[in-house]
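Trainee: Just dropping this structure here.
The values are calculated or read from the model by the stated rules, or taken from the named source; none is laboratory data. Bear in mind that the values here come from a model prediction, so they are computed numbers and not experimental data. Cβ atoms come from the backbone with ideal geometry, glycine included; neighbour counts cover every protein chain shown. Keep in mind that these areas ignore ligands, DNA and RNA; they rest on the heavy atoms of the full protein, side chains included. Shrake-Rupley method; radii C 1.70, N 1.55, O 1.52, S 1.80 Å.
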Amino acid sequence: MIVRFLLAITVSSCLQSAFPQKLKKTDKIILNYLETDIRYLADDKLEGRRTGTAGEKLASDYIVAEFIRAGLQPAGENMEWLQAFDVDDGKQIDSSTYFSINGTPLSVNDEFFPLAYSACASLEGSPAIALQEPGVPWFFDLKEMLEENQNNPHFDLDNAVREKITAFAKKGATAIILYNTASIEDHMGFQPKDRSPASSIPVLYMSKEAKKKYLKDESAILEIKIKVSLSEKKRTGHNVIGYLNNGADNTVIIGAHYDHLGYGEDGNSMYRGKEKQIHNGADDNASGTAAVMELARLLKPSKLKNSNYLFIAFSGEELGLFGSKYFTEHPTIPLSSANYMINMDMVGRLNDSSRSLTIGGYGTSPQWGPLFTNNDDKKYFNLKYDSSGTGPSDYTSFYRKDIPVLFFFTGLHKDYHRPTDDYDKINYIGELHVVKYIYHLLDILNDKGKLTFCKTRETQTTTSARFSVTLGIMPDYTFNGTGVRIDGVSDGKPAQQAGLQTGDVIVQLGDYPVSSLENYMQALSKFKKGDATKVKYRRASNEAEADVRF
């Protein structure tokens with residue numbers, strides 16, 4: 001699951017008769033499948049199932065084998081099992097990038113790095129550190145700028161540096177070499193997701209240690225050689241798609257994401273230790289993936305033939321719903337035939353005391369209400385409902401295509417997005433009951449025909465914990481252009497009040513240019529509740545500006 005999930009809650013009950021306390025032989029078989037599947041998917045050898053890695057491939061191979069064993073048909077690209085999609089990792093520093101002083105090459109990343117918006121070029125020059133003459137590289141110490149603005153909460157170092165680079169280039173600098181002799185940290189780094197326009201000249205940053213080593217005498221003439229080469233960095237993720245064709249008019253989509261965090265390379269781990277560790281993601285979301293495979297095994301021989309069933313194990317969810325968004329934009333079955341979508345994310349840690357099971361998407365069809373509220377038997381679960389069709393998992397992508405959704409979730413825990421989310425902490429009997437409950441709902445829905453879709457309130461898939469304000473948009477994480485494209489707008493929030501719409505691309509917030517999701521979040525952190533500013537955005541080929549108040 002990509003973020004924490006906060007819910008409005010109502011308590012109800014479910015059919016006790018569907019969940020007897022004593023396990024039958026068939027229950028024990030299901031239990032064995034669940035444990036076998038989760039233990040494999042959460043094994044260290046899969047290295048956390050990060051999207052686009054060898055671990056993801058081991059996981060997808062396993063899921064394909066189980067779909068075949070369950071009797072499904074392939075329904076991915078070209079009627080194969082997989083559906084490939086690209087993940088844009090931004091920019092990378094190529095191995096040919098080079099910086100030498102007086103014939104000594106500096107080490108990339110350790111002693112220097114180019115900024116992500118640096119121009120790609122090769123050049124030589126013979127500058128002195130303290131002189132700024134046309135036709136040679138210039139050096140610039142960030143110290144004075146940082147010290148003058150250390151008490152200015154609105155100071156943005158990145159913007160200030162960009163302005164300096166533009167001014168220096170106009171005065172004849174052929175490259176800029178930045179360093180910092182102040183005691184104030186500048187937090188400069190190579191930002192691979194920065195999509196701002198490239199500067200007209202190369203821009204490098206030297207570490208403090210490199211500055212002390214190579215730039216001791218500011219009056220000396222240095223022989224400088226620079227080459228900057230940056231390229232696009234991509235990886236490929238894969239959805240796994242199986243189909244149970246009952247010859248029906250409508251299809252039920254049952255899905256869960258199988259990717260997780262790997263070693264935490266994408267910056268989405270809650271782990272703060274220094275030692276590199278595998279994030280096995282047993283609950284998040286080997287548990288949901290195992291439930292999808294088990295429902296496939298149960299539905300194939302069942303009498304529930306009034307619908308076809310499409311089973312999808314998504315990848316890229318932890319990066320921002322990449323796999324499910326790609327599927328809904330490139331469906332392998334007509335989405336017009338989709339009746340509803342059931343999504344399972346973190347269904348393996350049912351608390352035996354509270355027995356709390358959250359069901360999201362409750363408001364996406366009027367038929368959902370009677371399905372749950374007409375239940376007068378003794379409780380097995382305490383059901384908690386959230387009406388919204390949007391949230392922190394793959395059901396959001398289907399809601400955006402006007403498909404009714406349900407989202408099943410047994411709750412957060414201290415191991416969320418940490419290396420400690422392991423198979424031995426799963427409540428397997430609890431997950432067994434979750435799977436049987438969902439199967440029971442499918443049974444009830446077998447004769448109900450096609451459901452009616454309803455729009456609901458919007459919730460955001462990102463947390464605003466670091467900010468005191470929110471614009472009220474759902475960003476499109478798959479967008480790889482300059483700016484932040486809006487994938488959804490929350491009712492009553494500043495973005496809606498300013499007239500922003502799905503598909504608009506935010507390019508500036510107040511005085512802060514927005515080239516990526518990262519600096520959009522940095523820009524948000526500059527505002528507090530009650531502040532008014534302007535937001536610049538692109539709509540189609542036109543740029544516009546609107547007033548916004550947080």
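Trainee: Please verify whether Gly172 is under 17 Å from Glu124 (Cα atoms), open to solvent by less than 80 Å² (accessible area, probe 1.4 Å) and not aliphatic (A, V, I, L, M), treating the condition exactly as stated.
Mentor: So Gly172 fits the description; yes.
Trainee: All but one of (1) more than 29 Å from Asp487 (Cα to Cα); (2) open to solvent by 10 Å² or more (accessible area, probe 1.4 Å) hold for Leu441; which doesn't?
Mentor: Exception for Leu441: condition (2).
Trainee: Looking at region 79-124 only, could you name the residues that are of a type outside the set (D, E, K, R), part of a strand (DSSP E or B) and under 29 Å from the mean Cα position of the chain (by Cα)?
Mentor: Once the filter is applied, which keeps residues that are of a type outside the set (D, E, K, R), part of a strand (DSSP E or B) and under 29 Å from the mean Cα position of the chain (by Cα), region 79-124 yields Leu82, Gln83, Ala84, Phe85, Val87, Gly90, Gln92, Ile93, Val108, Phe113, Pro114.
Trainee: Which of the residues belonging to region 500-550 are β-branched (Val, Ile, Thr), under 22 Å from Lys193 (Cα atoms) and touching a residue at least 40 places away in the same chain (Cβ under 8 Å)? Please lay out each step first, then the result.
Mentor: Keep residues of region 500-550 that are β-branched (Val, Ile, Thr), which gives 502, 505-507, 514, 533, 535, 548.
Pick out the ones that are also under 22 Å from Lys193 (Cα atoms) and you get 502, 505-507, 514, 535.
Scanning region 500-550 gives a single hit, Val535.
Trainee: Can you say whether Arg400 is more than 20 Å from Val434 (Cβ to Cβ) and among the basic types (Lys, Arg), as far as the supplied structure shows?
Mentor: On the way: more than 20 Å from Val434 (Cβ to Cβ): yes; among the basic types (Lys, Arg): yes.
It is true that Arg400 is more than 20 Å from Val434 (Cβ to Cβ) and among the basic types (Lys, Arg).
Trainee: Consider Lys425 against the criteria (1) in contact with a Ser or Thr (Cβ under 8 Å, 6 or more places away or on another chain); (2) open to solvent by 20 Å² or more (accessible area, probe 1.4 Å): it satisfies all of them except one. Which criterion is unmet?
Mentor: Tallying (1) in contact with a Ser or Thr (Cβ under 8 Å, 6 or more places away or on another chain); (2) open to solvent by 20 Å² or more (accessible area, probe 1.4 Å), Lys425 fails exactly one: (1).
Trainee: Any idea which residue in region 336-355 is surrounded by the most Cβ atoms within 10 Å (Cβ to Cβ), counting only those that are out of contact with any helix residue (DSSP H, G or I) (no Cβ under 7 Å at 6 or more places or on another chain) and modelled with pLDDT of 95 or more?
Mentor: The selected residue is Tyr340.
Trainee: I'd like to check something: does region 198-212 contain any residue that is touching a Gly at 6+ places or on another chain (Cβ under 7 Å) and on the phi < 0 side of the Ramachandran plot?
Mentor: No; the residues of region 198-212 include none that is touching a Gly at 6+ places or on another chain (Cβ under 7 Å) and on the phi < 0 side of the Ramachandran plot.
Trainee: Considering each residue of region 374-396, count those that are open to solvent by less than 10 Å² (accessible area, probe 1.4 Å) and either farther than 30 Å from Lys274 by Cβ or modelled with pLDDT of 90 or more (or both), and give that number.
Mentor: Selection size over region 374-396: 11.
Trainee: Filter region 65-81 down to the residues that are of a type outside the set (D, E, K, R) and either under 8 Å from Ile241 (Cα atoms) or open to solvent by 40 Å² or more (accessible area, probe 1.4 Å) (or both) and list them by number.
Mentor: Once the filter is applied, which keeps residues that are of a type outside the set (D, E, K, R) and either under 8 Å from Ile241 (Cα atoms) or open to solvent by 40 Å² or more (accessible area, probe 1.4 Å) (or both), region 65-81 yields Ala65, Ile68, Gln73, Pro74, Ala75, Gly76, Asn78, Met79, Trp81.
Trainee: For region 408-422, does any single residue satisfy the condition of being of a type in the set (D, E, K, R), open to solvent by 10 Å² or more (accessible area, probe 1.4 Å), part of a helix (DSSP H, G or I) and over 27 Å from Asp88 (Cβ atoms)?
Mentor: No.
Trainee: Does at least one position in region 481-504 carry a residue that is buried (at least 17 other Cβ atoms within 10 Å of the Cβ), of a type in the set (S, T, N, Q) and either touching a Cys at 6+ places or on another chain (Cβ under 9 Å) or more than 30 Å from Gly316 (Cα to Cα) (or both)?
Mentor: no
Trainee: Could I ask something else about it? So which residues in region 64-83 are closer than 19 Å to Ala286 by Cβ and out of contact with any helix residue (DSSP H, G or I) (no Cβ under 7 Å at 6 or more places or on another chain)?
Mentor: Val64, Ala65, Arg69
Trainee: Continuing with this model, one more query. Given the conditions (1) open to solvent by 40 Å² or more (accessible area, probe 1.4 Å); (2) closer than 22 Å to Lys216 by Cα, which single one is not true for Pro192?
Mentor: All conditions are met except number (2).
Trainee: Now a separate question. Please determine, by comparing only the residues of region 521-540 that are surrounded by fewer than 17 Cβ atoms within 10 Å (Cβ to Cβ) and of a type in the set (A, V, I, L, M, F, W, C), which one is modelled with the lowest pLDDT. Before you say what the answer is, go through the steps one by one.
Mentor: Filtering region 521-540 down to residues surrounded by fewer than 17 Cβ atoms within 10 Å (Cβ to Cβ) leaves 521, 525, 528-532, 534, 539-540.
This time we only want the ones that are of a type in the set (A, V, I, L, M, F, W, C), so: 521, 532, 540.
Numbers: Met521: 84, Ala532: 92, Ala540: 90.
My answer is Met521.
Trainee: Which strands (runs of 3 or more DSSP E) does region 207-323 wholly contain that include 3 or more residues that are crowded, with 22+ Cβ neighbours inside 10 Å?
Mentor: Output list reads 230-244, 251-257, 308-314.
Trainee: Another question about this same structure. Can you confirm whether region 464-471 contains a residue that is among the small types (Gly, Ala, Ser) and either closer than 30 Å to Arg297 by Cβ or crowded, with 18+ Cβ neighbours inside 10 Å (or both)?
Mentor: no
Trainee: Answer with yes or no whether Tyr179 is under 22 Å from Ser126 (Cα atoms) and open to solvent by less than 20 Å² (accessible area, probe 1.4 Å).
Mentor: The answer is yes for Tyr179.
Trainee: Here's something else I'd like to know. Which of (1) modelled with pLDDT of 95 or more; (2) under 18 Å from Asp447 (Cα atoms) is the odd one out, the single condition Lys325 does not satisfy?
Mentor: In the conditions (1) modelled with pLDDT of 95 or more; (2) under 18 Å from Asp447 (Cα atoms), Lys325 misses (2) alone.
Trainee: Report yes if Lys436 is on the phi < 0 side of the Ramachandran plot, touching a Phe, Trp or Tyr at 6+ places or on another chain (Cβ under 8 Å), open to solvent by 20 Å² or more (accessible area, probe 1.4 Å) and not in a loop (DSSP other than H, G, I, E, B), otherwise no. Lay out the reasoning, then the answer.
Mentor: Numbers: on the phi < 0 side of the Ramachandran plot: yes; touching a Phe, Trp or Tyr at 6+ places or on another chain (Cβ under 8 Å): yes; open to solvent by 20 Å² or more (accessible area, probe 1.4 Å): yes; not in a loop (DSSP other than H, G, I, E, B): yes.
Here the answer is yes, as Lys436 does meet what is asked.
Trainee: Okay, next question. Looking at (1) within 30 Å of Asp89 (Cα to Cα); (2) open to solvent by 30 Å² or more (accessible area, probe 1.4 Å); (3) not small (Gly, Ala, Ser), which is the one condition that is false for Lys450?
Mentor: So the condition that Lys450 fails would be (1).
Trainee: Additional query: Looking at Thr390, Thr332, Thr358, Thr364, can you tell me which residue is of a type in the set (Ser, Thr, Tyr) and under 29 Å from Tyr428 (Cβ atoms)?
Mentor: From the options Thr390, Thr332, Thr358, Thr364, the qualifying one is Thr358.
Trainee: Name the residue, out of Tyr309, Tyr271, that is over 25 Å from Leu357 (Cα atoms) and of a type in the set (Phe, Trp, Tyr).
Mentor: Details: Tyr309 fails: over 25 Å from Leu357 (Cα atoms).
Only one candidate passes the filter, namely Tyr271.
Trainee: Let me ask you something else. Report, ordered by the first and then the second residue, all pairs with beta carbons closer than 9 Å, sequence separation of six or more or different chains, a first member in region 137-154 that is at pLDDT 95 or above and open to solvent by less than 40 Å² (accessible area, probe 1.4 Å), and a second member that is of a type in the set (Lys, Arg) and not in a helix (DSSP H, G or I).
Mentor: Close Cβ pairs satisfying both conditions: Trp138/Lys171.
Trainee: Looking only at region 326-335, filter to residues that are assigned to a helix (DSSP H, G or I) and surrounded by fewer than 24 Cβ atoms within 10 Å (Cβ to Cβ); which one of those is nearest to the chain's Cα centre (by Cα)? Talk me through it step by step, then tell me what you get.
Mentor: Within region 326-335, the subset assigned to a helix (DSSP H, G or I) is 326-329, 335.
Now narrow it down to the ones that are surrounded by fewer than 24 Cβ atoms within 10 Å (Cβ to Cβ): 326, 328-329, 335.
Values: Tyr326: 13, Thr328: 16, Glu329: 17, Leu335: 24 Å.
Within region 326-335, the match that is nearest to the chain's Cα centre (by Cα) is Tyr326.
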